[in-house]
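The values are calculated or read from the model by the stated rules, or taken from the named source; none is laboratory data. As the structure is a computational prediction, the values presented were derived from the model and not from experiment. Cβ sites come from the backbone with ideal geometry, for glycine too, and all protein chains shown count toward neighbours. When the accessible area is computed, the model is the full protein with side chains, heavy atoms only, and any ligands, DNA or RNA have been set aside. Shrake-Rupley method; radii C 1.70, N 1.55, O 1.52, S 1.80 Å.
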Amino acid sequence: MSDCIEGPQDNRHDFSIVPVEVTANTTLVFKICRYCGVSYRYVDQIWEEIATEESDG
């Protein structure tokens, strides 16, 4: 889990909400921090962190 310190308060992410329409009646909602790039998707009424494949280890 990423700790983000860049926001107006310590350890706060600055998320931008990104709706992505998949089909005519299905829209996925993502939120991405513009500081550290951590991203979440909204699944079953909870925000689930999307694992990035950048980390080697």
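Quick check on region 17-41: of everything there that is on the phi < 0 side of the Ramachandran plot and not in a strand (DSSP E or B), which residue is least open to solvent (accessible area, probe 1.4 Å)?
So, considering only residues that are on the phi < 0 side of the Ramachandran plot and not in a strand (DSSP E or B), the one least open to solvent (accessible area, probe 1.4 Å) is 38.
Does residue 49 fit the bill of being part of a strand (DSSP E or B) and either at pLDDT 80 or above or surrounded by 10 or more Cβ atoms within 10 Å (Cβ to Cβ) (or both)? The answer is yes for residue 49.
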